[in-house]
Amino acid sequence: MVVSQRPAFAPRLSFKITLPYVALALILALATIYVVARAQAVKVTAEFSRQVEDARVRVADSVVRSEQAQVSNARTLARLAGLGHLVREGNAQAVTDLIEPYAVTQSIERIVIVGKAGRVLATIHSQGAEITAAPANQQIPKLPGVVAVLQNDSDAQGDKYVDLVRDADTAVLYTIAPIFEGEANVGALLVGTTAPTLVERWRGATLADVTLYDADGAPLATSLGVDLPQPLDRSLLTSQSQYRTLALGSRDYGEIISPLALRGQPTTQYIGVAVSTAGQDGQFEQAEVRLLPIFGLGLLATFLLGITLSRRITRPITALVRAAEGVAAGQLDHVLPVTTSDEIGALTTSFNTMIGGLRERERMGASSARRWRGWCSTSRSTSAARPSSSRSCSPICAISRR
């Protein structure tokens, strides 16, 4: 009994050939995407780190320029004609009247005059063209920079000092310079800018948000908006630059924290330079958008290529299966084309040789049968003429007739 092969044999073989190929290609594609995505992430992170570091350097340069501008204003104010004489006499009203016009024209926010005895003679707060005579802050004369100036001390950076201090309700960056009458030191002059003004000015110059922190890590002023950032963790209060992520509202930032440098020397306060991570997230999203279509097209191309190759491999095998089923049914007229020179081609050649051998055997068997039938027919005719020979011929002819 001959059992024929099921027609679904070829598709199953095609699937068995295609599936491992597609699976391997999928693994390779995923590995490639992972490597590319990781390389892109490293690149974007490095670019963002460089951007933050560049912003920190630009802010540091802006701090130096702010110091230089205040030193220039302090030097000019200290040399105003008659100021030294009025300070030595302690004439507070005359001192105020003398320095107010300069405060307006140069947009100086804070000016404080301290006499040689440590008494505050004048305190001016300026906001544009508006001048306000503020109450004297008796903590000002106790500042280290003011004490050094009144004692006529100087260091490697000169006789002018810079301090970031709390004055009344806000932090102020003061530049402190001596006031002379002739060769005599008669007092100290403080020219200041409030911290909120400074951080906004530095933000405008560097396009990065700036926050000033006190020695304990509490924020003094920020350009990030109304909400102050979280205080600095103790691990960030070091002499080296530190990085942290910052979340304010719906926006995330990368912030680099470093000691605030004044007069070229680090202080106990800190300055934070923050850059929004929106650009970094956007680059990651763009990378994903670019990679997903590539992945999809690669997977589709791999699948189509696998099907094409599997069909090319299974087509001659399928032809062999159908030809074998035909031979089992007695059809010996099959001649399969040899399309490859590999093992399948050799198998097809052997199959054709086998079919040729079967056809030759069938032809020889038919020829032998015809000869026997002819001989028996002749024998019967002879037996009729000679009855004595019919008995010896009859068994052979009987076999032939079968």
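Give Ile307, Ile294 a once-over and let me know the one that is out of contact with any strand residue (DSSP E or B) (no Cβ under 7 Å at 6 or more places or on another chain) and surrounded by 15 or more Cβ atoms within 10 Å (Cβ to Cβ).
None of the other options fit; the residue is Ile307.
Go through the residues of region 79-93 one by one and say whether even a single one is modelled with pLDDT of 90 or more and more than 21 Å from Ala184 (Cα to Cα).
Taking every residue of region 79-93 in turn, at least one turns out to be modelled with pLDDT of 90 or more and more than 21 Å from Ala184 (Cα to Cα).
Counting just the residues of region 159-179 that are over 30 Å from Ser223 (Cβ atoms) and not aliphatic (A, V, I, L, M), which one comes out surrounded by the fewest Cβ atoms within 10 Å (Cβ to Cβ)?
Checked region 159-179; the qualifying residue surrounded by the fewest Cβ atoms within 10 Å (Cβ to Cβ) is Asp159.
Quick one: in region 217-258, of everything that is in contact with a Gly (Cβ under 6 Å, 6 or more places away or on another chain) and among the aliphatic types (A, V, I, L, M), which residue is nearest to Ala205 (Cα to Cα)?
Ranking the candidates gives Ile257 first.
What's the number of the only condition in (1) within 54 Å of the chain's Cα centre (by Cα); (2) surrounded by 12 or more Cβ atoms within 10 Å (Cβ to Cβ) that Ala31 fails to meet?
(2)
For Asp233, indicate whether it is buried (at least 21 other Cβ atoms within 10 Å of the Cβ) and of a type in the set (Asp, Glu).
Working: buried (at least 21 other Cβ atoms within 10 Å of the Cβ): no; of a type in the set (Asp, Glu): yes.
Spelling it out, it is not the case that Asp233 is buried (at least 21 other Cβ atoms within 10 Å of the Cβ) and of a type in the set (Asp, Glu).
Pull out all pairs, ordered by first then second residue, where Cβ-Cβ is under 7 Å, the residues are six or more apart or on different chains, the first lies in region 129-154 and is under 20 Å from Asp169 (Cα atoms), and the second is part of a loop (DSSP other than H, G, I, E, B).
Asn137/Ala168; Pro141/Gly118
Output the residues belonging to region 199-219 that are surrounded by fewer than 22 Cβ atoms within 10 Å (Cβ to Cβ) and more than 14 Å from Ser62 (Cβ to Cβ).
The answer is Asp214, Ala215, Asp216, Gly217, Ala218, Pro219.
Could you look through region 68-99, keep only residues that are of a type in the set (Gly, Ala, Ser) and in a helix (DSSP H, G or I), and pick out the one that is surrounded by the fewest Cβ atoms within 10 Å (Cβ to Cβ)?
The qualifying residue surrounded by the fewest Cβ atoms within 10 Å (Cβ to Cβ) is Ser72.
Answer with yes or no whether Ala134 is farther than 15 Å from Gln70 by Cα, exposed (fewer than 13 other Cβ atoms within 10 Å of the Cβ) and hydrophobic (A, V, I, L, M, F, W, C).
No.
The values are calculated or read from the model by the stated rules, or taken from the named source; none is laboratory data. Note that the coordinates shown come from a computational prediction; the quantities given were computed from them, not determined experimentally. Positions of Cβ are backbone-derived with ideal geometry, glycine not excepted, and every protein chain shown enters the neighbour counts.
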